[in-house]
1. Taking the Cβ-Cβ separation of M4 and I32 as r and a Förster radius of 30 Å, what is the calculated FRET efficiency to the nearest 0.05?
2. Calculate, for the chain, the solvent-accessible area per residue in square angstrom, rolling a 1.4 angstrom probe over the heavy atoms of the protein chains.
3. Find how much the distance from R42 to K21 grows on full extension, using 0.36 nm per residue of separation minus their present alpha carbon separation; answer in nm with one decimal.
4. Taking all protein chains in place and a 1.4 Å probe, what share, in percent, of the accessible surface of the chain do carbon and sulfur account for?
5. With viscosity set to 0.890 mPa s and temperature to 25 °C, compute the Stokes-Einstein D of the range 1-50, Rh being the Kirkwood radius across alpha carbon pairs; µm²/s, no decimals.
6. Of K5/K26; K5/K36; K3/K46; K36/K57; K36/K56, which pairs sit farther than 28 Å apart, going by alpha carbon to alpha carbon?
Amino acid sequence: MPKMKTNRAAAKRFRKTGTGKFKYSKANKQHILTKKSPKRKRRLRKAGMTDKTNIKKIRKMLPYA
């Protein structure tokens, strides 16, 4: 049986935690930051955790994670 391929787009976006959940960095923190409020930028700093409804799909995309 051949090796399974990792979805490279997903591999760049998600990291597996010790408990088996997936974390990701939030969007809208790259540019045009002057018009965004400090509160909004602060919230974007923290990593987001994937919802339990999407974990099955992400596991399929990252078989070796």
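1. Numbers: r = 39 Å, r/R0 = 1.28.
Step by step, r from the Cβ atoms, then E = 0.20.
2. On the way: 5970 Å² over 65 residues.
Per residue, the chain has 92 Å² of solvent-accessible surface.
3. On the way: separation 21, 0.36 × 21 = 7.56 nm, distance 2.28 nm.
The span from R42 to K21 would gain 5.3 nm if fully extended.
4. Numbers: 3170 of 5970 Å².
Carbon and sulfur: 53 percent of the exposed surface of the chain.
5. Working: Rh = 13.1 Å.
The calculation lands on 187 µm²/s.
6. Working: K5/K26 25 Å; K5/K36 39 Å; K3/K46 34 Å; K36/K57 32 Å; K36/K56 34 Å.
K5/K36; K3/K46; K36/K57; K36/K56, as the Cα separations exceed 28 Å there.
The values are calculated or read from the model by the stated rules, or taken from the named source; none is laboratory data. Here the structure is a predicted model, which means the values were calculated and not measured. All Cβ positions, even for glycine, are placed from backbone atoms using ideal geometry, and neighbour counts span all protein chains on display. For the accessible areas, the whole protein counts, side chains as well, though only heavy atoms, and no ligand, DNA or RNA atoms are used. Shrake-Rupley method; radii C 1.70, N 1.55, O 1.52, S 1.80 Å.
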